[in-house]
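One structure below.
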Amino acid sequence: MGEDRRCGGTYLLKGERGTAFVPERTALLVIDPVNDFLSEGGADWDMARSTVKKHDVVGHLKQAIDGARQRGIPVLFGPMAYTAEDYENEELQRRSGINRMMFEKKMFLAGSWGADFHPDLRPNEDDIVLLPHKGVDVFETDLPDHLERLGTTHLVISGMTANLCCESTGRHAMERGYDVTFLRDAIGADTLAAYEASIRLNYPLIGNAVLEVAEFLDAVDAPSVLPEKGDEVLGSDHLGVGTVEEVVDGDATRPGYIVVPRGLVFERQTFIPLDAIVKTGNGKVFVNVPRLFVAKMPWGEPPTGATREEKLGPRKERVDRLYGSTSPSSESRAAD
């Protein structure tokens, strides 16, 4: 995990073709499951309660935590805590809008009831409690060290809040190569608009799947198998795409795919590549493209070896200049 990644992206599951969560390579991250967000009387309860109550976030967080523990999946808790030194020495209250709001509302004060874990969501001695994050990115704690030590490749994100800590951490995890899943009914926000924007628009693009807790646990329990005829197909935004009409396995010369017939959602028959399917379980197939964009994909015909080669682009050794008319400034400096 320590190599320089400035010259390219990575994906930790490269070469793996499974569609299930492997417990020994999966971790559940629970962000800020604390009283200030989740309990009546908490500093942010007046804002958070609308989505927390609407989606039973506490109940679903407990379901996810208990389910992960039962399946041998590590549970990591990522809370916040602020001391006077954070504000006196680092002046964090001047750094951002959210830091100012937390400062003024006296949120997450170290050692307080508000910064403590909700009584239904307390860590067990086998769970991992991370160092406190001081902003909206839990990757700026000891989280990367624990994930590397555990051998994690699948990171499942839950907690508070949808458009800040959950989203920022998910973005960072994706950039670091993790397969990122968001648990839509175990995440809350300060407003319904913030929640919907994250769940419907941002998560489906920066993660590989947006699942409900029950679907996550089903995918852990399910064998990693091909989809079957009649399975329900959902996009990464958790919206229905259709049902599987046919499954065609691939070989050395041709990618495999599923066929979704035309219907109420699509005006054409759609041929979705098998490697666009990231999770399956309990009769559901999850594709890592939002439903809105599935119709925009070049999936109107069965994929072939030739069309796949075109999508791969040119080999590195055949590219003289990355951007056609110029080179990255770092390359220019190195040549001087």
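Computed from point charges on the beta carbon alone (+1 for Lys and Arg, -1 for Asp and Glu), the dipole magnitude for the chain about its Cα centre is near 940 Debye.
Take every DSSP beta bridge whose two residues both sit in the stretch 170-274; close to 75 percent of them are antiparallel. Over the stretch 180-324, one equal point on each Cα, no solvent: what is log10 I(q)/I(0) by the Debye formula at q = 0.12, 0.15 Å⁻¹? Scattering profile of the stretch 180-324, log10 relative to I(0): -0.56, -0.82. Evaluating 6.51 cos²θ - 1.76 cosθ + 1.60 at θ = phi - 60° for every residue in the stretch 229-241, the Karplus couplings come out as 4, x, 4, 7, 9, 10, x, 5, 8, 6, 9, x, 9 Hz, glycine and proline recorded as x. Taking a sphere under 15 Å around the Cβ of residue 187 and counting the other residues whose Cβ falls inside, with K and R at +1 and D and E at -1, yields a net charge of -3.
Projecting the Cα positions of 117, 247, 27 onto the charge dipole of the chain (unit charges on Cβ atoms of Lys, Arg, Asp and Glu, taken about the Cα centre) puts 247 furthest along the positive direction. Under 24 Å of direct C-alpha separation, and excluding same-chain neighbours fewer than eight residues apart, residue 279 reaches these lysines: 14, 62, 229, 296, 311. The three principal axes of the Cα atoms in the stretch 35-171 give end-to-end lengths of 42, 33, 27 Å, sorted in falling order. Taking 0.36 nm per residue of separation and subtracting the current Cα-Cα distance, fully stretching the chain between residue 84 and residue 201 would add 38.4 nm.
Annotation: amide H of residue 279 within the under-5 Å range of 286, sequence separation 5 or more or interchain, hydrogens built in the peptide plane.
With a cap of 10 neighbouring Cβ atoms within 10 Å, and only residues DSSP puts in a loop, list the GluC sites (Glu not before Pro) found in the stretch 241-305.
On the way: sites: 245, 246, 267; in loops: 245, 267.
Filter output for the stretch 241-305: 267.
As a size descriptor, the averaged projected area of the C-alpha convex hull of the chain was calculated at 20.5 nm².
What number comes out for the charge environment of residue 275, summing +1 per Lys or Arg and -1 per Asp or Glu over other residues with Cβ under 15 Å away? Intermediate values should be presented prior to the final figure.
Details: positive: 14, 17, 254, 279, 308, 311; negative: 16, 179, 249, 251, 309.
Spelling it out: positives minus negatives among the neighbours equals +1.
Which order, highest average first, do 146-152, 121-127 follow once you tally other Cβ atoms within 10 Å for each residue and take the mean per peptide? Let's see the in-between values first.
Numbers: 146-152: 16.4, 121-127: 12.1.
Going by the mean number of other Cβ atoms within 10 Å, highest first, we get 146-152, 121-127.
Our helix-only sum for the chain, with -39,500 (n - 2.57) per DSSP H run of n ≥ 4 divided by its residues, gives a mean residue ellipticity at 222 nm of -7000 deg cm²/dmol.
Note down, for the stretch 282-324, the three equivalent ellipsoid semi-axes (square root of 5 times each alpha carbon gyration tensor eigenvalue), biggest first, whole angstrom.
Working: eigenvalues 177, 37, 26 Å².
Ellipsoid half-lengths, sorted descending, are 30, 14, 11 Å.
For the stretch 116-207, compute Rh as the Kirkwood radius over C-alpha pairs and then the Stokes-Einstein diffusion coefficient at 10 °C and 1.306 mPa s; write the answer in µm²/s, rounded to an integer. Walk me through the numbers on the way to the answer.
Working: Rh = 13.8 Å.
Approximately 115 µm²/s, per Stokes-Einstein.
All other residues whose Cβ lies under 10 angstrom from that of residue 229 are scored, Lys and Arg at +1 and Asp and Glu at -1, for a net of -4.
The aspartates and glutamates whose alpha-carbon is closer than 17 Å to the alpha-carbon of residue 54, local same-chain residues fewer than 8 away aside, are 40, 44, 46, 185, 190, 196, 212.
A Cα-only calculation for the stretch 39-93 places Rg and Dmax at 15.9, 44 Å.
Which length gain, in nm to one decimal place, applies between residue 319 and residue 22 when the Cα-Cα distance is subtracted from 0.36 nm times their residue separation? Don't skip to the answer; put the middle values down first.
Details: separation 297, 0.36 × 297 = 106.92 nm, distance 3.77 nm.
In short, 103.2 nm is gained.
Scanning the chain for helices, which whole DSSP H stretches are 30 Å or more long along the axis (Cα) and average -1.0 or more by Kyte-Doolittle?
Result, helices passing both filters: zero.
Hey, can you rank 8-14, 273-279 by average C-beta count inside 10 Å, highest first?
Numbers: 8-14: 12.0, 273-279: 20.1.
Per-residue mean Cβ counts within 10 Å order the peptides as 273-279, 8-14.
Determine the relative contact order of the chain: mean sequence separation of Cα pairs under 8 Å and six or more apart, normalised by residue count, in whole percent.
Values: 638 pairs, mean separation 58.9, N = 336.
18 percent.
Expressed as a whole number of Å, what is the distance separating the alpha-carbon centroids of the stretch 251-317 and the stretch 21-53? Result: 35 Å between the Cα centres. Between residue 70 and residue 249, the distance separating the two model label sites (each 7 Å from Cα on the Cα→Cβ line) works out to 3.3 nm.
Pulled fully out, how much extra length does the chain show between residue 122 and residue 146, if you take 0.36 nm times their separation in residues and subtract their Cα-Cα distance? Write out the running numbers ahead of the final one.
Details: separation 24, 0.36 × 24 = 8.64 nm, distance 1.92 nm.
Computed gain between residue 122 and residue 146 is 6.7 nm.
Read-outs: derived from the displayed coordinates by stated rules, not from any lab. This structure is a prediction, so every number in the text was calculated from the model and none was measured. Please note: Cβ atoms are built from the backbone with ideal geometry, for glycine as well, and neighbour counts cover all protein chains shown.
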